[in-house]
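Reading through the structure tokens given below for one structure.
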Amino acid sequence: MDSNPSRSSLAVPEESVREACGETPLPELGLIEQVWETDPIPRERIAERAAEAFGSLPLENVPDGGEIALGVGSRGIANLETIVSGVVDEATDRGYEPFVFPAMGSHGGASAEGQREMLADLGVSESTVGCEIRSSMEVIEVGRTAERDVPVVADANAVGADAIVPINRVKPHTDFDGTVESGLSKMLVIGVGKQRGAKIAHDWAVDWSLRHMIPEITEQLLAELPVVGGVAILEDQRDDTTLLEGVPPEGFLDREEELLETAYDIMPTIPFRELDILVLDRQGKDISGQGMDTNVIGRRPFAIQEPEPDLPDIKRIYTRGLTETTHGNAMGMGSADFVHADLLEEIDMPTTLINALTASTTRGVRLPPAVETDRAGLIAALSTIGIVDPETVRVVRAPDTMHLQRLYASAALVEEARDRDDLRVVEEPSPIAFESGDFASPSPHETVRDATDND
């Protein structure tokens, strides 16, 4: 971790913020909860369902004892260790030799050891999933696109295997809208392509767009590589595993499009179309590729040739820190209007910049103004949106853009929640409690059991 002590001097003291903003009334906050009906796979059956998904793939052309390369690497996937273990066990029982390779583009500092460590942080190691981990940044060019002559590359270990099976969650992407977004196809194009493939894709996306590039390169990779299919994962609003499905090569693009529509329907969102202030306790690559899910915050200021989402409309975003699992990667912090000094201290700038350079989204790592306390962050945000009435101002505090079941909400939003079937009021509004200027109350999802736990 790069811990430059001078960063603290970049944060503005609360006293200076108060002097600049004058008297800014703060709203009271209550606690509300979104009412979701979900049907997750029971945890004790996830490995079995993963094995069934893998077993449904067309494996008849894989020789006995053949090597099967399992692409793994997306962060924030629930039960990933169990899913991968289920696939490994099934492949082994069928007489194959499975191994896992990191399919994560430039993540982990674009180094083989960094990517191995990232897999371990995700719970995927040789001891936990029961097979070899082969981590290398070496790629092999397997072809070029017909229309634009773009080189198509893939992980050398995967290319040398008898079969390739990416394992990934299908979900809306943060940088673009298309028929396929984040999922099996993107993992093939960018994840399996390692740092070089990811850089090629994002460079060409400046003129071409990822929504057009990913389907075309996916078709080429399917034609050139021994991809026998993929294991697709869907998660519900609570980030529980709700579907595990084996997708054969001929169904990659069409079936992914259908799964993406379902993913949009069940993704967690902020339950209000307009907010004055959104406070996020954390951001990170395990939460979203852009730290904060752009589909949730309604901002995409650094995307390549892509319009911003229409909703929600949020006037100011204040972010308090980074997740531990992001390892200092603050990609996407440029979407915030203000950040806490803690976020500055947690940034690993080399890792962050490598990610931004690979993705050609350097505006995403621009540093917002930093404040020393949460109270200063609220005052700064509220004082820049016009005349503030604490009874009508619309403020939400959320853990992050992935965990949105329980939210702190200002009085106006609590009143709105009373009249909605999809929301319930858990606690009435009360004055915000601070300790040394920072929030004294826990993150919303810590007020009861973790919202990701199954009932």
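The values are calculated or read from the model by the stated rules, or taken from the named source; none is laboratory data. Here the structure is a predicted model, which means the values were calculated and not measured. Neighbour counts run over all protein chains shown; Cβ positions are idealised from the backbone, glycine included. Just so you know, the surface numbers come from the protein's heavy atoms only, side chains and all, with ligands and any DNA or RNA stripped out. Shrake-Rupley method; radii C 1.70, N 1.55, O 1.52, S 1.80 Å.
Which ones in the range 92-124 are closer than 22 Å to Glu48 by Cβ, open to solvent by 10 Å² or more (accessible area, probe 1.4 Å) and of a type outside the set (Asp, Glu)? Scanning the range 92-124 gives Thr92, Arg94, Gly95, Tyr96, Pro98, Leu122, Gly123. Which of the residues belonging to the range 199-226 are farther than 17 Å from Gly143 by Cα, open to solvent by 40 Å² or more (accessible area, probe 1.4 Å) and either among the small types (Gly, Ala, Ser) or more than 21 Å from the chain's Cα centre (by Cα) (or both)? If the condition is that a residue be farther than 17 Å from Gly143 by Cα, open to solvent by 40 Å² or more (accessible area, probe 1.4 Å) and either among the small types (Gly, Ala, Ser) or more than 21 Å from the chain's Cα centre (by Cα) (or both), then Asp203, Val206, Asp207, His212 are the ones that fit.
Here Leu188 clears all of (1) in contact (Cβ under 8 Å) with a residue 40 or more places away in the chain; (2) over 16 Å from Gly251 (Cα atoms) except the condition numbered (2). Using the structure shown, decide if Pro215 is within 19 Å of Leu260 (Cβ to Cβ), at pLDDT 95 or above and of a type outside the set (A, V, I, L, M, F, W, C). No: the conditions fail for Pro215.
Only one of the numbered conditions (1) closer than 18 Å to Arg273 by Cβ; (2) part of a helix (DSSP H, G or I) is not met by Arg375, and that is (1).
Filtered by the rule that a residue be open to solvent by 10 Å² or more (accessible area, probe 1.4 Å), at pLDDT 95 or above and in a loop (DSSP other than H, G, I, E, B), the range 296-333 gives a lone residue, Arg320.
Within the range 265-293, the only residue that satisfies the criterion of being under 18 Å from Thr179 (Cβ atoms) and touching an Asp or Glu at 6+ places or on another chain (Cβ under 9 Å) is Met267. Those helices (runs of 4 or more DSSP H) of the range 138-224 in which 1 or more residues are in contact with a Phe, Trp or Tyr (Cβ under 6 Å, 6 or more places away or on another chain) occupy 156-159, 210-224. Exactly one residue among Thr145, Thr92 is farther than 18 Å from Val247 by Cβ and out of contact with any helix residue (DSSP H, G or I) (no Cβ under 8 Å at 6 or more places or on another chain), and that residue is Thr92.
Would you please name the residue that is nearest to Leu10 (Cα to Cα), looking only at residues in the range 334-358 that are among the β-branched types (Val, Ile, Thr) and open to solvent by 10 Å² or more (accessible area, probe 1.4 Å)? Ranking the qualifying residues of the range 334-358, first place goes to Thr351. Looking at the range 233-285 only, could you name the residues that are of a type in the set (Ser, Thr, Tyr) and modelled with pLDDT of 95 or more? Once the filter is applied, which keeps residues that are of a type in the set (Ser, Thr, Tyr) and modelled with pLDDT of 95 or more, the range 233-285 yields Thr241, Thr242.
The condition of being of a type outside the set (Ser, Thr, Tyr) and over 27 Å from the mean Cα position of the chain (by Cα) holds for Glu435.
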